[in-house]
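Data block below; observations after.
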Amino acid sequence: MVESKVQARYAGSSKRIKVAMRRWQIVAWASCLSCASCNVLITEPGSWEMHLFLHVWSFRGGGGFGADSWPISASSIASVFDLIWKGSAQEDVSKNLVLIKNMLYGTSDAEPQTDIIVAQLAQELYNSNLLLLLIQNLNRIDFEGKKDVAQVFNNILRRQIGTRSPTVEYEHQEIALNCGTMLRECARYEALAKIMLYSEEFFNFFRYVEVSTFDIASDAFSTFKELLTRHKMLCAEFLEQNYDKVFSHYQRLLNSENYVTRRQSLKLLGELLLDRHNFTVMTRYISNPDNLKLMMNMLKEKSRNIQFEAFHVFKVFVANPNKPKPILDILLRNQEKLVEFLTRFHTDRSEDEQFNDEKAYLIKQIKELKPIAEH
């Protein structure tokens, strides 16, 4: 009765409906506090029962949403995750996830909601931090609910306004670090990491890691690295399927004028190539003579740190027992110079036993190189 009056009075403005509904929630919350049978932990502005009741009310009657009624308040689900988890709450949250999913994708009987309604829903998701809460509590949601979370996340992540992707806003410095935290939390879960990797927006990270603000660039690189290393099989599959596109972008990072970008990218490249899951990717990378030339030039960089990281990529080319002829030819042409160079390379690292063993191994391998016999 009360809710019907609220909706009728403010039928022309979804903003006013939200304000009125929040006031009504607070009144309901106050009355709930005085109820002896309400054996749940209450959080402002109401208990999970009250939030979920409001959800049920929102969908009651007209069979969906009209242009003049506020659709679903994401905050009413969000508060559930702040409470002690209950079986009944799990069931209700799963039901409401289905409702959100149906708003975004539609059903066999109904079209997805209009762009205006979806924009309002997305804004509520951002305001309530619901996406992060869902990810942090994914293990508490039932099997079907987990799939719904992935679908909702997928839709909101790819949502665009013109050329902007408002869910991933590294361009907006005031929220970039918050976005990074949320994305890395999402990357912990393979299903969500896959969505991000296979989204076109993933390739924006090659731009984000070079932004002029150091904190944001570093944060973006942390997210970038997490996506490429967290789930080994998934990452290997992605890199294999998208090799040309990924490494054409990656080459620009290695040639960046930004010292930090070059060093971080070089270090990550070494880690990727030496990961056994990326054997196919590694084999393809070290078969390209242009890649070998780049590493040999980086060995002569002024920065000792870049020299050192380049060494760990260069060693993979030399250690390959099945060197393609173009690679072998380059090494043979520079055989004497490489032996002399490596002999004098970072001799002050006397206490780094692994480095010295690897350097000695490379020198031995290069000395023993012989041309492929022609038949």
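The values are calculated or read from the model by the stated rules, or taken from the named source; none is laboratory data. Quantities reported herein were computed from a predicted structural model and do not represent experimental measurements. Ideal geometry is used to build each Cβ from the backbone, glycine not excepted, and the neighbour counts take in all protein chains shown. Quick note on the areas: whole protein, heavy atoms, side chains included, nothing else; ligands and nucleic acids left out. Shrake-Rupley method; radii C 1.70, N 1.55, O 1.52, S 1.80 Å.
Miscellaneous remarks
Here is a yes/no grid of residues against (1) modelled with pLDDT of 90 or more; (2) out of contact with any His (no Cβ under 9 Å at 6 or more places or on another chain); (3) assigned to a loop (DSSP other than H, G, I, E, B); (4) small (Gly, Ala, Ser):
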| site | (1), (2), (3), (4) |
| --- | --- |
| Cys186 | no, yes, no, no |
| Ala191 | no, yes, no, yes |
| Ser218 | yes, yes, no, yes |
| Leu234 | yes, yes, no, no |
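- Test: residue in the stretch 296-310 that is touching a helix residue (DSSP H, G or I) at 6+ places or on another chain (Cβ under 8 Å), under 23 Å from Glu240 (Cα atoms), part of a helix (DSSP H, G or I) and open to solvent by 30 Å² or more (accessible area, probe 1.4 Å): no
- Filter result for the condition that a residue is out of contact with any Phe, Trp or Tyr (no Cβ under 8 Å at 6 or more places or on another chain) and either aliphatic (A, V, I, L, M) or free of Cβ contacts under 8 Å to residues at least 24 places away in the same chain (or both), over Leu239, Leu227: Leu239
- Every residue from the stretch 259-283 that is open to solvent by 70 Å² or more (accessible area, probe 1.4 Å) and either of a type in the set (Lys, Arg) or over 18 Å from Phe317 (Cβ atoms) (or both): Tyr259, Arg263, Lys267, Arg276
- Residue check, Leu239 under 20 Å from Ala310 (Cβ atoms) and crowded, with 20+ Cβ neighbours inside 10 Å: no
- Among all positions in the stretch 105-128, there is at least one residue which is at pLDDT 50 or above, part of a loop (DSSP other than H, G, I, E, B) and hydrophobic (A, V, I, L, M, F, W, C).
- Members of the stretch 335-375 found to be open to solvent by less than 100 Å² (accessible area, probe 1.4 Å) and either in contact with a Gly (Cβ under 7 Å, 6 or more places away or on another chain) or of a type in the set (Ser, Thr, Tyr) (or both), listed by number: Thr343, Thr347, Ser350
- Condition check for Leu273: touching a Leu at 6+ places or on another chain (Cβ under 8 Å) and modelled with pLDDT of 95 or more: no
- Residues within the stretch 137-154 that are over 14 Å from the mean Cα position of the chain (by Cα) and either within 12 Å of Met196 (Cα to Cα) or in a helix (DSSP H, G or I) (or both), tallied: 12
- Within the stretch 311-331, tally of residues that are open to solvent by less than 40 Å² (accessible area, probe 1.4 Å), of a type outside the set (D, E, K, R) and in a helix (DSSP H, G or I): 11
- Ser256 surrounded by fewer than 18 Cβ atoms within 10 Å (Cβ to Cβ), more than 21 Å from Met196 (Cα to Cα) and of a type outside the set (Lys, Arg): yes
- Long-range neighbours under 9 Å by Cβ, at least six apart or interchain, first residue farther than 15 Å from Arg207 by Cβ within the stretch 246-262, second among the acidic types (Asp, Glu) and in a helix (DSSP H, G or I): Arg262/Glu309
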